[in-house]
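Presented below is the structure to which this report refers.
The values are calculated or read from the model by the stated rules, or taken from the named source; none is laboratory data. All figures in this text were calculated on a predicted structure; none of them were measured in a lab. Neighbour counts run over all protein chains shown; Cβ positions are idealised from the backbone, glycine included. Heavy atoms of the whole protein, side chains included, go into the accessibility calculation; ligands, DNA and RNA do not. Shrake-Rupley method; radii C 1.70, N 1.55, O 1.52, S 1.80 Å.
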Amino acid sequence: MTMETPLAEARGPGAAHAGGHHWGVERATSVATLALLVWLAVSLMRLPSLDQQMVSQWLRAPLAAVPMLLLIVAMFRHLRDGLIMVVEDYVHEEGNRLMCLLLINFAAVFVGALALFSVLRMAFGEAPRTP
């Protein structure tokens, strides 16, 4: 027995279909990004200096590298989802929309992977050489 009216059953989930899921992911990534940015700011303020050697040494610790990787993933996911929403809402020509969506996805994945690689290289790489 369902509590829905016949009209609600006929309409289904509406035009948004999975809008609730998208909204939830957007909120979760924004909260995660905010919390991790606060962690990053506090962590960097606690370092004696912000030169490459000090930051690289700091990122060798798992309690620094793992949250930094999570920050990168959350931030680029939030960025990608927000830009896709703007394009879907305001770009009406199908060809332009497809090109914008492809560029957003490619750029977010490429730059995010580059950031992840950089952190992993500092975390697992050798110490930076001083001239």
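Tallying residues that are closer than 24 Å to Ser30 by Cα and surrounded by 12 or more Cβ atoms within 10 Å (Cβ to Cβ) within region 53-75 yields 13. Here is the figure for region 82-100: residues that are of a type in the set (D, E, K, R) and under 14 Å from His22 (Cβ atoms) total 2. Contact map, region 111-126: residues that are surrounded by 12 or more Cβ atoms within 10 Å (Cβ to Cβ) paired with residues that are part of a helix (DSSP H, G or I) and of a type in the set (S, T, N, Q), Cβ distance under 6 Å, separation 6+ or inter-chain. Pairs shown: Met122/Ser56.
Here's the yes/no breakdown for (1) modelled with pLDDT of 95 or more; (2) within 23 Å of Leu114 (Cβ to Cβ); (3) among the aromatic types (Phe, Trp, Tyr):
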residue	(1), (2), (3)
Gly20	no, no, no
Glu26	no, no, no
Ala32	yes, yes, no
Leu36	yes, yes, no
Met45	yes, no, no
Gln52	no, yes, no
Met68	yes, yes, no
His92	no, no, no
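Taken over region 29-52, the criterion of being open to solvent by 90 Å² or more (accessible area, probe 1.4 Å) and farther than 27 Å from Asp81 by Cα is satisfied by Met45, Arg46, Pro48, Leu50, Gln52. Under 7 Å by Cβ, and 6 or more places apart or on different chains, what pairs join a residue from region 20-48 that is at negative phi with one that is loosely packed, with under 12 Cβ neighbours inside 10 Å? Sorted first by the residue in region 20-48, then by its partner, the pairs are Leu44/Leu50.
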